[in-house]
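Okay, so here's the structure we're looking at.
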Amino acid sequence: MADTLAEVQKQEVHGHDHDHHDQGFVSKYIFSTDHKIIAMQYLFTGMLMGVIGGYMAYVFRMQLAFPGISVPGFGQVSPGEYNSLITNHGSIMIFWVAMPVLIAAFGNYLIPLMIGADDMVFPRINRLSFQVFFVSSVVLLLSLFVEGGGFGGAWTSYPPLSASGDYNLTQLGASLWLIAVALEFVAFLLGGINFITTLMNSRAPGMKAYDIPMVCWMIVIASILFMLSVGPLLAGAVMLLFDQTLNTGFYDPARGGDPILWQHLFWFFGHPEVYVVLLPAIGITVDVMATFSRKKLFGYKLVLYTAVATGVLSFFVWAHHQFIAGIDPRMANVFTVTTLLISVPIAEMLFVMIATLYGGSITLTTPMLWALAFLAEFLIGGVTGIFLGASGADIYFHDTYFVLAHFHYTFFPIAIIGTFCAFTYWFPKMFGKMMNETLGKIHFWGTIIPFNFIFIPLFVLGMGGQHRRIYNFEHFPEIAGPEYFQLRQIATIALLIMLAFQAVFFFNVVMSWWKGEKAGRNPWRANTLEWTTESPPPHGNWPVEDLPTVYRGPYEYGHPDREEDYWPQNLPG
Amino acid sequence: MLELVQASTYAADIDRLILLIGVIVGVWFLLAEGIFFWLIWKFRAKPGERTQYLDGTEKHVKKWITIPHALVLVCDVFILVGAVSVWYNVKQQLPDADSTIRVIGQQWAWTFQHPGADNELDTGDDIFTVGDLHVEVEKTYHFQLQSRDVLHSFSVPVFRLKQDAIPGRSITGWFTPTRTGEHDVQCSEICGIGHGVMAARIHIEDANTHAAWINRSSAATTP
């Protein structure tokens, strides 16, 4: 039944798309229903937001290292502006960079191409998803310029601070921020429906569950996690919006509400959200690692099952963000157990990735460097998480720079390294040209080395008792000494260097797109289906009469029965 | 490294727990990164050499995953026991108090209510201060943590103590200072534009100094 339904939908989609062939620029690139165009829209919007988020980091890091200076390109930073900058930096990097790029852009681009479909199952819902996302981005950016300034209550937006303009002094900014976040969730619900349905129904003939490339699985598992976790937060966001605008008292203890309720709803979403962005990044890196080590993935099912186990467990760990928030102290014990348990599947996944290298033939291309860097850096994020998941140690570390450094060691590998890994790997497919390897490697080292110099000092500062979201540490004598300031300055200077090196990346993209060497269909000699069509793929991905059929799994590298060291999924025999 | 003194009975316990976790995850981390970089070096592409075809389901290969997997679980148990015992001591039990103080957060200052000469809260001789908490060394204190407006977090790094304050509730906790000195009190939960100036000092005094401070302050506040 499902197959026939999918067929009917496919035909409808196709019929619909053929009507659009001769349309102009606007309908082709702005209101397109083609999954590849929508992917590009998400990719470029996400990258633009990433530049804005990076600019914010630059401004507040300058203020922290050199308090009171007039920051070039911004001016003096007031406490209100500082709070708004850190709040929106966090929100943007998670909701408007990590999610649109890793899930929406690469999900849209890769899923149909990697499973041999001509497009998403619901192309018009797909278009709507981007349009809602675009509106949410505009609302967020506008919220920075309204009266009172942008919202400054942290990306976690805890009430009562976030619930009342009397407390946060940014009545309008807070409401617009909340509306933007809610709209963004709606966009990803629409996109997620599409990813899940497409993977279930539109796979090429012969592609069984264990023949699906890992990145597609991961994006779909992430979409399922997102859909299951976001409901409570959307409900919570509506209540918070009512508190802000209609003066209701859902989170106001004086009127029978409870501020802790928001924290439960927020983190019930917020922790699975970490895995929502982590899993696609893992999927990307295992695919890239298999290709450039010419190795079959070590334990395909193991990776898949540990991803599912991580996803399920992630619904039972949320209160580790609230150990000292005033919840029943007995609850902390339960959540310490679940939090430490999640280290098991995650560790196993990383072991599998390391084991994949064994017996391989590793070429250090730029995408491979990014993939290996993901693993090397994410390990630091992983092991430092144990300190915070252990309730007793969290009493001290909670809300210090240790936490901040920890989650940047998870989110930076996920959102930045993962993105560069995927971008450099699939660039030849997306644009039909090879990227310049030398520039790619300069950019790689110019990003990775400064990155460690930003966040290792912040671990040390956190251990020294420096707490988060402070505009100027001079009011706290114990953490205002010169050794503390030196560490802050090292971090800021490293950030400046890292940001400067991003110019190399943009230069490389433009130059390679313009003058790069032609890529051909399969420059990496990879197995998955997207490499069997032209680069860039035409509308519909393959000629209608020539859609691929699948005969084997995606990681058949170095098979003993074959002379070539790779075996594309679509070759018979 | 930035050294921070240990000034409460449980500060050393928390530091020991951090060290325990540090050693366990440190070993894992070095091991994993070591093997990882060794593999990258060892299996670098060499012309004419074929890769091995392993899919990770064979028993003799899979043990390289399953054994570390079991070891991770064992390490988790050690960390868990350490974490829960420290947590229980700091947050779940309440030793008898020699004295009780009240800590009140508001945008953007800490108010401290000391019990005064009669050592009882909410009596006429209570001493209210803004931004300065006075306690006596080696005495066990209960604190009642309250907030007048938004969330705050009462954080004393030298005690390794942190607890959020919630409007509408009074949260009780405890500490026993172990050495005299003057240290930072932070608000570690963002509470608005003045969050960065919501600082206070804790004065840990020996018995004589503390008694003198109570006398001086009572004289100043008694009508």
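List of remarks:
- Residue satisfying condition, being within 20 Å of A:Pro280 (Cα to Cα), touching a residue at least 12 places away in the same chain (Cβ under 8 Å) and more than 21 Å from the chain's Cα centre (by Cα), within set A:Thr366, A:Thr410, A:Thr356, A:Thr424: A:Thr356
- Filter result for A:Gly381 (in contact with a Ser or Thr (Cβ under 8 Å, 6 or more places away or on another chain), closer than 21 Å to B:Glu33 by Cα and surrounded by fewer than 21 Cβ atoms within 10 Å (Cβ to Cβ)): yes
- Failed item, numbered, when B:Leu133 is tested on (1) under 21 Å from the mean Cα position of the chain (by Cα); (2) within 14 Å of chain A (Cβ to nearest Cβ): (2)
- Test: residue in segment A:468-475 that is β-branched (Val, Ile, Thr) and in a helix (DSSP H, G or I): no
- Qualifying position, being within 14 Å of chain B (Cβ to nearest Cβ) and not in a helix (DSSP H, G or I), among A:Arg488, A:Arg525: A:Arg525
- Test: residue in segment B:160-171 that is among the aliphatic types (A, V, I, L, M), in contact with a helix residue (DSSP H, G or I) (Cβ under 8 Å, 6 or more places away or on another chain), assigned to a loop (DSSP other than H, G, I, E, B) and under 24 Å from A:Phe476 (Cα atoms): yes
- A:Trp177 being in a helix (DSSP H, G or I), among the aromatic types (Phe, Trp, Tyr), within 16 Å of A:Ser84 (Cα to Cα) and touching a Ser or Thr at 6+ places or on another chain (Cβ under 8 Å): yes
- Residue within segment A:147-157 that is over 30 Å from A:Arg488 (Cβ atoms), modelled with pLDDT under 95 and either out of contact with any Gly (no Cβ under 6 Å at 6 or more places or on another chain) or not acidic (Asp, Glu) (or both) present: yes
- Among the residues making up segment B:47-73, a single one is of a type in the set (D, E, K, R), in a loop (DSSP other than H, G, I, E, B) and either at positive phi or more than 7 Å from chain A (Cβ to nearest Cβ) (or both): B:Glu58.
- Just one residue in the set B:Ala12, B:Ala45 is farther than 26 Å from A:Gly385 by Cα and surrounded by 11 or more Cβ atoms within 10 Å (Cβ to Cβ); that residue is B:Ala45.
- Filtering segment A:540-565 to residues that are within 14 Å of chain B (Cβ to nearest Cβ) and either acidic (Asp, Glu) or outside any loop (DSSP other than H, G, I, E, B) (or both) leaves A:Glu556, A:Tyr557, A:Asp561, A:Glu563, A:Glu564, A:Asp565.
- Segment A:536-551: number of residues that are free of Cβ contacts under 8 Å to residues at least 12 places away in the same chain and hydrophobic (A, V, I, L, M, F, W, C): 0
- Some residue of segment A:297-314 being hydrophobic (A, V, I, L, M, F, W, C), in contact with a Pro (Cβ under 7 Å, 6 or more places away or on another chain) and without any contact (Cβ under 8 Å) to a residue 12 or more places away in the chain: no
- Test for A:Trp445: is it outside any loop (DSSP other than H, G, I, E, B) and without any contact (Cβ under 8 Å) to a residue 12 or more places away in the chain: yes
- Residues considered: A:Ala309, A:Ala319, A:Ala332. Of these, the only one that is small (Gly, Ala, Ser), facing another protein chain (nearest Cβ under 9 Å) and within 19 Å of B:Asp76 (Cβ to Cβ) is A:Ala332.
- When A:Thr410, A:Thr419, A:Thr400 are screened for being more than 7 Å from every other protein chain (Cβ to nearest Cβ), surrounded by fewer than 23 Cβ atoms within 10 Å (Cβ to Cβ) and at pLDDT 95 or above, only A:Thr410 passes.
- Of all residues in segment A:249-307 being outside any helix (DSSP H, G or I) and either closer than 18 Å to A:Ala415 by Cβ or among the acidic types (Asp, Glu) (or both), the one that is nearest to the chain's Cα centre (by Cα): A:Asp258
- A:Leu372, sole failed condition from (1) more than 7 Å from every other protein chain (Cβ to nearest Cβ); (2) within 23 Å of B:Ala45 (Cβ to Cβ); (3) under 18 Å from the mean Cα position of the chain (by Cα); (4) not acidic (Asp, Glu): (1)
- Only listed residue being under 30 Å from A:Ser361 (Cα atoms) and surrounded by 19 or more Cβ atoms within 10 Å (Cβ to Cβ), chosen from A:Glu530, A:Glu564: A:Glu530
- So B:Tyr141, is it more than 12 Å from chain A (Cβ to nearest Cβ) and under 17 Å from the mean Cα position of the chain (by Cα): yes
- If only residues of segment B:172-213 that are more than 9 Å from chain A (Cβ to nearest Cβ) and among the small types (Gly, Ala, Ser) are counted, the one that is surrounded by the most Cβ atoms within 10 Å (Cβ to Cβ) is B:Ala200.
- Of the residues making up segment A:118-174, those that are of a type in the set (Val, Ile, Thr), within 17 Å of B:Ile190 (Cβ to Cβ) and surrounded by fewer than 24 Cβ atoms within 10 Å (Cβ to Cβ) number 1.
- When residues of segment B:105-128 are limited to those that are assigned to a strand (DSSP E or B) and touching a residue at least 60 places away in the same chain (Cβ under 8 Å), the one nearest to B:Asp164 (Cα to Cα): B:Gly105
- The residue that is farthest from the other protein chains (Cβ to nearest Cβ), counting only those in segment A:337-366 that are in contact with a Ser or Thr (Cβ under 8 Å, 6 or more places away or on another chain), in a helix (DSSP H, G or I) and closer than 28 Å to A:Ala526 by Cβ, is A:Thr366.
- Of the residues making up segment A:501-520, those that are touching a residue at least 12 places away in the same chain (Cβ under 8 Å) and closer than 27 Å to A:Pro457 by Cβ are A:Phe501, A:Gln502, A:Val504, A:Phe505.
- Checking the stated criteria, A:Phe451 turns out to be in contact with an Asp or Glu (Cβ under 8 Å, 6 or more places away or on another chain), at pLDDT 95 or above, more than 14 Å from chain B (Cβ to nearest Cβ) and buried (at least 21 other Cβ atoms within 10 Å of the Cβ).
- In segment A:542-556, the qualifying residues are those that are in contact with an Asp or Glu (Cβ under 8 Å, 6 or more places away or on another chain) and β-branched (Val, Ile, Thr), and the one that is farthest from A:Ile111 (Cα to Cα) is A:Val544.
- Top-ranked residue in segment A:21-48 [being under 18 Å from A:Gly540 (Cα atoms), outside any loop (DSSP other than H, G, I, E, B) and small (Gly, Ala, Ser); ranked as modelled with the highest pLDDT]: A:Ala39
The values are calculated or read from the model by the stated rules, or taken from the named source; none is laboratory data. All figures in this text were calculated on a predicted structure; none of them were measured in a lab. Every residue, glycine as well, gets a Cβ built from its backbone with ideal geometry; the counts of neighbours run over all protein chains shown.
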